[in-house]
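Encoded as structure tokens, the structure appears first; notes follow it.
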Amino acid sequence: MENIDALAAAPPPQAATALRYDWSACEVEALLALPFADLMFRAQTAHRRHFDASRVQMSTLLSIKTGGCPEDCAYCPQSARYDTGVVADSPMPLDAVLAEARRARDAGATRYCMGAAWRSPKDRDLDAVVPMVAGVKALGLETCATLGMLSRPQAARLADAGLDYYNHNLDTSEAFYGRIITTRTYRDRLETLAHVRDAGIRVCCGGIVGLGESRRDRADMIATLASLPSHPESVPINMLVQVEGTPLNGVEALDPFEFVRTVAAARITMPRSVVRLSAGREQMSDEMQALAFLAGANSIFVGPELLTTPNPARERDAALFDRLGIRPMET
Ligand code: SAM
Ligand code: DTB
Ligand code: SF4
């Protein structure tokens, strides 16, 4: 493990900083173990080198196909294997998706993310998604989708439709992964990410914390993300939203400071990426969110719902931004 004092010493603000792709889990674990003030200083230094620290990007999420998913992701209310009260729905019609996107744009969102509870889309599913991507883009929004695993030709098709970002998370460390999902492998995920990247679509890839994983698992996940062939342009850090009926309901809650530390480690290791304070904000205090922004988070989902679970009301977010002097990021 690296000397902690050496890690705490931030490089001078003007130092040239090449991006690194060789972070080891040990190094990231040492970052996570720093005194909180030192870790935050490192994160702030990295953040301010690349971003305006008072700007936060806002995305809106829409579930275009809810529930009934065949996968067994232990955190997810949309798996057909768990009795969570989420009703399996058919895909949303195009006009309804576009009407929602228009509303999101008018409310200030700059990116629109369409999520579907699929293991992987069938080609006929993509027949429906392609005009949604094109239509949302025509409204002047950045487009993002999260539809499960993609083959190489499917990724190319979405790129042709104008998809800007694809979200596909590693979720956790490779070692812990088998405790959370058994119906697809870590390698499957890495393969989809390669297909997306090779198609020229920007990658949105992060994970969930609070699954019962160890600090080492969190370090391993961050090191894996930071060692991809290029850093994901967008890195969502989700705090588990516990949902009754899922196997992870009732798991011991993660210390909020440990969540903030994970955000800081993502910021330090992937300094040019947008780090998203993603699921779990509804359950966080304003103070915890403020710490996450200080740790380098600079994107959120806005709107009252994520895919199936609640997100803070717009008024609460507006009041928090106002109190913190945060303004929307210009894209
Ligand atoms: N079905 C697709 C897939 O799994 O790739 C796309 C949608 S899936 C809901 C997208 C991501 O949402 C998951 O990878 C996971 O990181 C996150 N997620 C799902 N349920 C969650 C929960 N209860 N709390 C926090 N994050 C969650
Ligand atoms: C991501 O990393 N988090 C978002 C988005 N990508 C698709 C999803 C969060 C889902 C939270 C549980 C739900 O609302 O169903
Ligand atoms: Fe299905 Fe995605 Fe939920 Fe897993 S996370 S059960 S793949 S919707």
Query raised in the report: If you go through region 44-72 one residue at a time, how many are of a type in the set (A, V, I, L, M, F, W, C), out of contact with any Ser or Thr (no Cβ under 6 Å at 6 or more places or on another chain) and within 16 Å of ligand 1 (Cβ to nearest atom)?
Result: 3
Query raised in the report: Within region 190-198, is even one residue touching a Leu at 6+ places or on another chain (Cβ under 7 Å), farther than 27 Å from residue 22 by Cβ and not hydroxyl-bearing (Ser, Thr, Tyr)?
Result: no
Requested in this report: For residue 209, state whether it is open to solvent by less than 20 Å² (accessible area, probe 1.4 Å), in contact with a strand residue (DSSP E or B) (Cβ under 9 Å, 6 or more places away or on another chain) and hydrophobic (A, V, I, L, M, F, W, C).
Outcome: yes
Query raised in the report: From the list 107, 101, 88, which residue is open to solvent by less than 20 Å² (accessible area, probe 1.4 Å), at pLDDT below 95 and of a type in the set (A, V, I, L, M)?
Result: 101
Requested in this report: For region 146-162, name all the residues that are hydrophobic (A, V, I, L, M, F, W, C) and surrounded by fewer than 21 Cβ atoms within 10 Å (Cβ to Cβ).
Outcome: 149, 156, 159, 161
Report task. Can you give me the number of residues within region 118-145 that are within 15 Å of ligand 1 (Cβ to nearest atom), outside any helix (DSSP H, G or I) and either open to solvent by 40 Å² or more (accessible area, probe 1.4 Å) or closer than 14 Å to residue 91 by Cβ (or both)? Result -> 6
**Report entry** Scope region 87-117; condition of a type in the set (Asp, Glu) and either within 15 Å of ligand 1 (Cβ to nearest atom) or under 14 Å from residue 164 (Cα atoms) (or both); matching residues
**Finding:** 89
Requested in this report: Output the qualifying pairs, or none if there are none: Cβ atoms under 6 angstrom, residues six or more apart or on different chains, first residue in region 113-127 and closer than 20 Å to residue 81 by Cβ and among the hydrophobic types (A, V, I, L, M, F, W, C), second residue more than 7 Å from ligand 1 (Cβ to nearest atom) and not in a loop (DSSP other than H, G, I, E, B).
Outcome: 116/64; 116/65; 117/65
Query raised in the report: Quick one: residue 239 ticks every box in (1) within 17 Å of the chain's Cα centre (by Cα); (2) open to solvent by 20 Å² or more (accessible area, probe 1.4 Å); (3) away from ligand 3 (no atom under 16 Å from the Cβ) bar one, so which box is it?
Result: (3)
Report task. Report, ordered by the first and then the second residue, all pairs with beta carbons closer than 8 Å, sequence separation of six or more or different chains, a first member in region 65-78 that is open to solvent by less than 20 Å² (accessible area, probe 1.4 Å) and part of a strand (DSSP E or B), and a second member that is polar (S, T, N, Q) and within 7 Å of ligand 1 (Cβ to nearest atom). Result -> 69/78
Requested in this report: Need at least 2 residues that are in contact with a Phe, Trp or Tyr (Cβ under 9 Å, 6 or more places away or on another chain) and either free of Cβ contacts under 8 Å to residues at least 40 places away in the same chain or away from ligand 2 (no atom under 16 Å from the Cβ) (or both) per element, so show me which helices (runs of 4 or more DSSP H) inside region 215-331 make the cut, counting only ones lying wholly within it.
Outcome: 215-226, 256-269, 286-294
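The values are calculated or read from the model by the stated rules, or taken from the named source; none is laboratory data. Just so it is clear, the structure is predicted and the values come from calculations on it, not from any experiment. A quick note on method: Cβ atoms are made from the backbone with ideal geometry, for glycine too, and the neighbour counts reach across all protein chains shown. The area values use the complete protein model at the heavy-atom level, side chains included, leaving out ligands, DNA and RNA. Shrake-Rupley method; radii C 1.70, N 1.55, O 1.52, S 1.80 Å.
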